[in-house]
Amino acid sequence: MESIADSILKDLKKEVMKESTREKVSRFTRITKNESSAKNYAKAMFDVASDAGKIEVIKSDLDIVYSSLLVDKDIYDFFKSSFIDGNLRMRILKKVYAGKISEETFNLIAILIERDLIHTLFAVIVEYENLCNEYYNIAVARIITASDINNIGNIEKLKECIRNMIKDRDVHFIFHTDENIIGGIVIEIEDIVYDYSIRRVLTGLKTSISDDN
């Protein structure tokens with residue numbers, strides 16, 4: 001017979017999983033809502049970096065900040081919470097990041113915390129990277145497969161085809177696995193999506209059958 005504790009644990013797991021899924025879905029919605037603010041901060045940061053000759057330094061800093069401040073939910077929630085004293089948050093940041101990131105990057109985080117905008121930091125990092133790609137004339141090609149990219153044949157040929165499509169720019173490739181596409185491949189180049197997945201084929205087939213009925 002299931003105990004009350006087991007029943008509560010099961011319900012907690014169900015609710016946590018549900019909320020975690022909602023969090024993932026809503027993250028990009030929040031990024032969109034914060035897009036204007038994020039672009040302004042990223043542009044200001046990029047201008048400072050450019051003037052100081054620190055474009056790559058600050059890009060590296062933001063990678064460190066992302067990997068240390070944003071990937072752990074408990075840490076991120078602590079620093080974005082308006083219920084926790086801002087001075088305390090700043091003291092912790094100074095203690096941990098001192099000598100490890102540039103003054104400019106630290107000042108950005110401090111301003112976002114002071115203005116209760118730390119929730120925009122992820123979007124700021126994304127926008128800063130976009131500005132770097134634009135500055136270096138780099139196009140980002142995101143290749144999505146259902147399994148590990150090493151299992152896909154002729155990957156070098158695919159990369160060469162993409163480079164030929166974007167002859168006037170260097171191409172930076174990002175590989176991502178998503179089992180939901182079932183099979184095939186999806187290629188995203190900035191705002192253009194080339195969907196050659198089995199999921200798209202099945203969706204189209206389902207729509208066609210529905211239309212026929």
On the basis of being open to solvent by 90 Å² or more (accessible area, probe 1.4 Å), farther than 30 Å from residue 105 by Cβ and at pLDDT 85 or above, does residue 154 make the cut? no
For the range 151-188 the number of residues that are in a helix (DSSP H, G or I) and within 23 Å of the chain's Cα centre (by Cα) is 5
Please specify each residue of the range 114-128 satisfying the condition of being surrounded by fewer than 18 Cβ atoms within 10 Å (Cβ to Cβ) and under 21 Å from the mean Cα position of the chain (by Cα). 116, 117, 119, 126
Close pairs (6 angstrom Cβ cut-off, 6 or more residues apart or separate chains): under 16 Å from residue 64 (Cα atoms) and in contact (Cβ under 8 Å) with a residue 24 or more places away in the chain in the range 88-112, among the charged types (D, E, K, R) and surrounded by 17 or more Cβ atoms within 10 Å (Cβ to Cβ) anywhere: 101/61; 102/61; 105/61
Just one of the numbered conditions (1) under 30 Å from residue 92 (Cβ atoms); (2) part of a helix (DSSP H, G or I) is not true of residue 116; which one? (2)
Name the residues in the range 88-102 that are surrounded by 10 or more Cβ atoms within 10 Å (Cβ to Cβ) and not in a loop (DSSP other than H, G, I, E, B), would you? 88, 89, 90, 91, 92, 93, 94, 96, 97
Please find, within the range 19-62, the residue that is modelled with the lowest pLDDT out of those that are surrounded by 13 or more Cβ atoms within 10 Å (Cβ to Cβ) and not in a helix (DSSP H, G or I). 34
Residue 75 passes all but one of (1) part of a helix (DSSP H, G or I); (2) surrounded by 15 or more Cβ atoms within 10 Å (Cβ to Cβ); (3) among the aliphatic types (A, V, I, L, M); (4) without any contact (Cβ under 8 Å) to a residue 60 or more places away in the chain; which number fails? (2)
Qualifying positions in the range 195-213 - under 28 Å from residue 138 (Cα atoms) and surrounded by 14 or more Cβ atoms within 10 Å (Cβ to Cβ): 195, 197
Sole miss for residue 65 among (1) open to solvent by less than 90 Å² (accessible area, probe 1.4 Å); (2) modelled with pLDDT under 90; (3) of a type in the set (A, V, I, L, M, F, W, C) is condition (2)
With (1) more than 23 Å from residue 67 (Cβ to Cβ); (2) open to solvent by less than 40 Å² (accessible area, probe 1.4 Å); (3) under 18 Å from the mean Cα position of the chain (by Cα) as the list, and residue 133 as the residue in question, which single condition is left unmet? (1)
What tally of residues in the range 103-113 results from selecting those that are open to solvent by 40 Å² or more (accessible area, probe 1.4 Å) and either among the polar types (S, T, N, Q) or in contact with a Cys (Cβ under 9 Å, 6 or more places away or on another chain) (or both)? 1
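The values are calculated or read from the model by the stated rules, or taken from the named source; none is laboratory data. Predicted model only: the values in this text are computed from it and were never measured. Positions of Cβ are backbone-derived with ideal geometry, glycine not excepted, and every protein chain shown enters the neighbour counts. In case anyone asks, the SASA skips ligands and DNA or RNA and just uses the protein heavy atoms, side chains included. Shrake-Rupley method; radii C 1.70, N 1.55, O 1.52, S 1.80 Å.
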